[in-house]
1. Search region 74-85 for residues that are in a helix (DSSP H, G or I) and pair each with any residue that is among the aromatic types (F, W, Y) when their beta-carbon atoms are under 9 Å apart and the residues are at least 6 apart or on different chains.
2. Show the residue pairs that are 6+ apart or on different chains and have beta-carbon atoms under 6 Å apart, the first residue being within region 276-290 and free of Cβ contacts under 8 Å to residues at least 24 places away in the same chain, the second being in a strand (DSSP E or B) and of a type outside the set (V, I, T).
3. Tell me, please, whether a residue that is of a type in the set (D, E, K, R), under 19 Å from S230 (Cβ atoms) and in contact with a helix residue (DSSP H, G or I) (Cβ under 7 Å, 6 or more places away or on another chain) can be found in region 358-371.
4. I need a count of the residues in region 189-200 that are more than 17 Å from the chain's Cα centre (by Cα) and under 19 Å from I397 (Cβ atoms).
5. Which members of region 330-376 meet the condition of being buried (at least 16 other Cβ atoms within 10 Å of the Cβ) and among the β-branched types (V, I, T)?
6. So the check is Cβ under 7 Å with 6+ separation or different chains; which pairs have a first residue in region 376-402 that's without any contact (Cβ under 8 Å) to a residue 12 or more places away in the chain and a second one that's of a type in the set (F, W, Y) and in a strand (DSSP E or B)?
7. Please find, within region 91-113, the residue that is nearest to L66 (Cα to Cα) out of those that are basic (K, R) and within 34 Å of the chain's Cα centre (by Cα).
8. Among the residues in region 151-173, are any farther than 27 Å from G224 by Cα, modelled with pLDDT of 95 or more and among the small types (G, A, S)?
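The values are calculated or read from the model by the stated rules, or taken from the named source; none is laboratory data. These numbers come from a predicted model, not from an experiment. So basically every Cβ, Gly included, is an ideal-geometry build from the backbone, and we count neighbours across all protein chains shown.
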Amino acid sequence: MKIKILLTSAFALAASTLSAEDARWWKGNLHTHSLWSDGDDYPEMIADWYRSNGYHFLGISDHNVLAEGQHWIHREKNAGGQRAFDKYMKRFGDDWVEQKVVNGVPQVRLKTYAEYRPKMSVPGSFLLIQSEELSDQFQGRPIHINVTNIKKQIPPQGGAGVAATMQKNIDAVMAQRKATGQPMFPHINHPNFGWAIQPADMIQLRGEQFFEVYNGHPAVRNYGDSKHLSTGQIWDVINAYRIGVHKLPLMFGLGTDDAHNYHDLAVGQSNTGRGWVMVHAKALTPESIIAAMERGDFYASSGVAVDGIRLARRTYSFRIQPEKGVTYTTRFIGTRKNFKSSPDLSKRNALKPSEAGIGEILGQSQSLEPSYTFNGDELYVRAEIKASRKKANPYAIGEYERAWLQPVRPKK
C-alpha cells in the first residue's frame, strides 16, 4: 500500500507527492568544523564519527575556506594537539597520514576534500557534501551563512548593513549556482550568536529559504533571553511578514551541530550529535537532498523522530516514533492573516510577537498521531514537539529532546 506524503513547496503549496516506495528518510548534519579552520579534529575523523553514528550525510563547513591545496599544520600546536594526532594515527595509520619534521617542527598534512571524500563516502549509505561557512561581519556583529554543495570558495562579500551583508553573500551563492549549474543553497547560521541578526533583517531576503532554528554550539542562544527572542519566535516573525506582507516564500528551519570539539564531551563544548535534519528524498545524492529540502520535505530534530507527514485539504498530521517511557507534547504554532503587522522595524523585532498575533499556539496534543484542522485563516502552521526525556550531552543544562516540523500553508 502506498502512503502519500504531501509537503509545502518553497514556492507553492503541495508541489510534491511522494510514496513510501519512492523516498526514504536520510539523517544529516550540514554545519561542522575541522582543523581546516577552528575545529579540533581531522576531517576524516569527523566523517568517521558521523558515519559510525547513524548519519547518512555530512557537510564539513569550515570558515571562509575549502579543503583544497597543500596545507601542513603543526602536529602538536593546533586545536586538537597531540591527542587528536594520536587518535588519527591509530585510526588511519602511516599509509594514510602524512607527516614530516621541518627545522625541528613536527608537521602533519591536512587531507583535501578531493582526497578524503572517496575514502569516507559509501554510495547509498554515507555522503559527504562540500560546504563552506561564509563568515562575514557588520560593525563587529557576526554574520555567518553556510553554503551546502559549494563548487568554488566564496569570500565574504561585506555590505552596508546586516541585511545588506546577508543579501550580498546570498547573491554570491546563487550567482555561483547559476553559473555552474550545480545545485547548492545558502542557510543563515545562528541568528542569536552575538545577538547579531534581528527578525527584520531576515524578512525580505531573496534567494534564502533556510535558517538554523536549532544549533548545538553553546554560545548561540537558541532560546533567547529576557531581552531577545528565541529562534522559534524569530522564525514566526519572519514567516508572518514574508507570507502576510511581502508575499515571499516560507523560510524553513534547520537543526545543526556546529561542532568544533570532538574530544571532550560536555555542556560548554561544541560537540557532535546535538542537532540534525531528517530529509525525505529519493536518493542519497546532493541533488536529491537539496531538491527535497527546497520543497520543504524535511524536519529538524535534537532527538525526536517522526514519519507519515501528511498535508490534506483541511488537516495537517504526522506520526511520532515513540521511545519507551517517553511522552510527547506537540504544539501547533502559527500566525493568522489578521495579525497586527507594522512597517516599524522595532515593532517587527519586538519581544512579544504573540501580542501582535504572531506565533500563536493554535493547538496542542499529547497524541502519538497529532493532527491540526485548519480554519482557513492561517498564513502558515508549524509543529514543534517536546519529549519528556532530557537530551544526552545537551548544549544547555536542562534541555529536552525536540523536533521542529516545517511550516505549511492551508490548501486552497
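1. Once the first residue is in a helix (DSSP H, G or I) and sits in region 74-85, its partners that are among the aromatic types (F, W, Y) give A84/Y42; A84/Y262; F85/Y42.
2. S288/A281
3. First pass over region 358-371, keeping only residues of a type in the set (D, E, K, R): 360, 369.
From what's left, under 19 Å from S230 (Cβ atoms): 360.
Pick out the ones that are also in contact with a helix residue (DSSP H, G or I) (Cβ under 7 Å, 6 or more places away or on another chain) and you get 360.
Yes, there is a match, as at least one residue in region 358-371 is of a type in the set (D, E, K, R), under 19 Å from S230 (Cβ atoms) and in contact with a helix residue (DSSP H, G or I) (Cβ under 7 Å, 6 or more places away or on another chain).
4. Summing the residues that are more than 17 Å from the chain's Cα centre (by Cα) and under 19 Å from I397 (Cβ atoms) in region 189-200 gives 0.
5. If the condition is that a residue be buried (at least 16 other Cβ atoms within 10 Å of the Cβ) and among the β-branched types (V, I, T), then T330, I333, T335, I358 are the ones that fit.
6. These pairs meet every condition: K390/Y400.
7. Let us first name the residues in region 91-113 that are basic (K, R), namely 91, 100, 109, 111.
Narrowing the set further to residues that are within 34 Å of the chain's Cα centre (by Cα) leaves 91, 109, 111.
Working: R91: 24, R109: 15, K111: 11 Å.
Of everything passing the filter in region 91-113, K111 is nearest to L66 (Cα to Cα).
8. Looking for residues that are farther than 27 Å from G224 by Cα, modelled with pLDDT of 95 or more and among the small types (G, A, S), one finds at least one in region 151-173, hence yes.
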